[in-house]
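Here the structure is laid out as structure tokens; the discussion comes afterwards.
The values are calculated or read from the model by the stated rules, or taken from the named source; none is laboratory data. Keep in mind it's a predicted model, so treat the numbers as computed, not measured. Cβ coordinates were reconstructed from backbone atoms using ideal geometry, including for glycine residues, and neighbour counts include every protein chain displayed.
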Amino acid sequence: MGKVLLIDDSPMMRTYLRRCLEKGGFTVEDWVPLSAMEIAPKVTESTPDIILTDYQMPGCNGGTVARMAQKADPKIPVIVLTAFRDAELIANLQKFGVREVLAKPITPETLLAAVNAALGNDYRA
């Protein structure tokens, strides 16, 4: 299916998302950046097919992750998860190449549909 680089500072959320993605057939590498400067090298090293990131994290946010990931490889789609979803935030994130902004809490079906759509995979829940 593809490799997901999962970036979230919450161990509980990483476990939940990892389980959902692995059940959907994805390989998952989870990671927590300490600073924005680590993101581009990690993306280059990891070679993910897609990046799934939380919006609000200490050290950097989802917009920073998207910006730095685009510098490393502009072809990699980025999906941001957030509890603070509004039109202005979504518009700003899309400027940085974010493919989709998903509201928390998220169901496994919604997550898998969004990841598969971003990768161009056929998916039915």
Open item on the list: Pairs needed: first member in segment 3-22, closer than 10 Å to P108 by Cα and touching a residue at least 12 places away in the same chain (Cβ under 8 Å); second member anywhere, surrounded by 14 or more Cβ atoms within 10 Å (Cβ to Cβ) and of a type in the set (S, T, N, Q); C-beta distance under 6 Å; at least 6 residues apart or different chains.
Closed with: none
Task: Top-ranked residue in segment 4-27 [being touching a strand residue (DSSP E or B) at 6+ places or on another chain (Cβ under 9 Å) and of a type in the set (A, V, I, L, M); ranked as nearest to N61 (Cα to Cα)] - done: I7
- [ ] Please go through segment 1-55 and pick out each residue that is farther than 16 Å from L119 by Cβ and touching a Phe, Trp or Tyr at 6+ places or on another chain (Cβ under 7 Å).
- [x] I7, K42, Y55
- [ ] Tell me which residues, restricted to segment 14-52, are small (G, A, S) and under 19 Å from V98 (Cα atoms).
- [x] A36, A40, S46
- [ ] Could you list, in sequence order, all residues of segment 1-23 that are among the aliphatic types (A, V, I, L, M) and either modelled with pLDDT under 95 or not in a helix (DSSP H, G or I) (or both)?
- [x] M1, V4, L5, L6, I7
Open item on the list: Considering only residues that are crowded, with 16+ Cβ neighbours inside 10 Å, under 17 Å from A103 (Cα atoms) and over 11 Å from the mean Cα position of the chain (by Cα), which ones fall in segment 1-13?
Closed with: M13
Task: Subset of segment 71-125 [small (G, A, S) and out of contact with any strand residue (DSSP E or B) (no Cβ under 9 Å at 6 or more places or on another chain)] - done: A72, A87, A91, A113, G120, A125
Task: Boolean, V32 is modelled with pLDDT under 95 and within 14 Å of the chain's Cα centre (by Cα) - done: yes
